[in-house]
Amino acid sequence: MEGRPAVDDAALGRASLAVLDANWTGVSTVPAPGVYPHQWSLDSAFVAIGLARHDAARAGQELLSLLAGQWRTGMIPHIVFHHAGGYFPGPSMWRSAEAPDAPLGTHTSGLTQPPLHAYAVWRVWRQAADRDLAARFVRLAWPSLVAQHKYLETRDAGGAGLAAIVHPWESGMDDSPAWDEPLAASQAGRCGDGYHDRYFRLAVLCRDHGYASSYYRDEHPFAVEDPLFNGIWLLSCDAMARLASEVVGADPEPFLEAAARIRAALLDRLWDGAFYARDVRAGRLVPVCTIGGFGPMLDPGLPRHVVEALTSLLESASFMGAAGYPVPSCDIRAQEFDRGQYWRGPSWISTNWLLAQAAAAHGLDRLSEILVASTLRLVRQGGFRECFDPFDGTGRGCRDFSWSAALTLDLLG
Ligand code: 9WN
């Protein structure tokens, strides 16, 4: 739809579906043609959310094909390779076939991504027209989701109840300034090479230590408690509790307890007037405000005064107040802010969508409406781009980006 802005909601909805159809491979949806030719975990969760109301069967297939790549540890890998080639680092770097816990016959990466899957399954359950199909799907996905949630507990490198990411790729916000300090301090960041070399070296360290949680807990040089990753985990714990009682007939209590534990740890470990990422190895917060700091707002149980402080920060000149096309992925006033560089400044449909959910969860209807309207304005004017300049709305990165299309569909209602 580049250069031909959709004039009304119906046309925009059709354009979104057309992108998702074009990016569907028959088993899953690629994030973008050419650039990301495999299945990404976080992207699949967003795609399923967008399709839930329109094609629940395909939303279910999307998630089940991702779950086919799940490891015996419960880890859902951040990439499932459905064919060889086309992306670096590919199967020859990750060597999942040599890892004892990886699935047989499927090549995957060895890292994970934010655990939005239980929430995505919940959305399919809530919105699918075919109730029998939806219930069957939930029951099929349930054991994998339980295993995933157990696995996340093994990632508690800080010992306080939060999951630590062991590589920036696990955050879904690759080059966020929140990782600069912990990466520079790590073995992988010591040489003066560029960003990709450092990321590659850190991934090789994970591989060479068998992707083992015990290594991550005790030795791996990069261990960071990220407020967005953990806010999404909390959201999914709530979704697990609802799926347990409404569909599966399981006890919701352990999931509610997990949500309460994560909430307490977020406040205890990452809150200092705003939420920051914690460098577990250095034992301190990384002092830069990014979009990730709003992740805990996804929790409807977050204390009122914290919600109010976050809302003021979001509406200030650091984020929405100074951006024509919110929400920038980094504090505009931070030294690290870069309007053209992926997670160092541009606005993203995914984080806007998460913030719109968060605002609605706290009854902040006006904020939610502004977020929805400004997000739709971005795609109407710039197309389904990967991200956007926060000042003039220029599209950046890939075109026909699946999660931008999927979440547009959801925002159109
Ligand atoms: C590495 C696929 C992924 C998204 C991430 C985004 C980017 C990959 C990359 O693309 O990461 O996983 O090659 O930069 O940061 O959020 O899932 O769309």
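Read the figures in this text as sums done on the coordinates, not as results from a lab. Small disclaimer: the values here were computed from a predicted structure and weren't measured. Using ideal geometry, Cβ is built from the backbone for each residue, glycine included, and neighbour counts are taken over all protein chains shown.
Numerical summary
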item	result
At 1.567 mPa s and 4 °C, Stokes D of the stretch 25-320 from Kirkwood alpha-carbon radius, µm² per second	66
Peptides 122-130, 364-372 ordered by average Cβ neighbours within 10 Å, highest first	122-130, 364-372
Relative contact order (%) - criterion: Cα under 8 Å, at least six apart; region: the stretch 202-272	25
Shape of the stretch 1-77, Cα gyration tensor, a/c cut at 1.5	prolate
Charge dipole magnitude, Cβ of K and R +1, D and E -1 - the chain, Cα centre, debye nearest 20	380
Residue-averaged 222 nm ellipticity for the chain, from DSSP H runs of 4+ at -39500 (n - 2.57), nearest 500	-14000 deg cm²/dmol
Average Cα contact separation per residue, the chain, under 8 Å, 6 or more apart, as relative contact order %	18
Whole-Å distance, taken between Cα centres, linking the stretch 352-381 and the stretch 231-255	25
³J(HN,Hα) computed for each position of the stretch 390-405 - Karplus, 6.51 cos²θ - 1.76 cosθ + 1.60, integer Hz, glycine/proline x	x, 9, 10, x, 4, x, 10, x, 5, 9, 6, 7, 4, 5, 5, 5
Residue among 271, 85, 345 farthest towards the positive dipole end of the chain, charges placed on Cβ	85
The stretch 27-144 - Debye-derived log10 I(q)/I(0), Cα point model, q = 0.17, 0.22 Å⁻¹	-0.78, -1.18
Cα centre as origin, Lys/Arg/Asp/Glu Cβ charges: the stretch 87-156 dipole, Debye	260
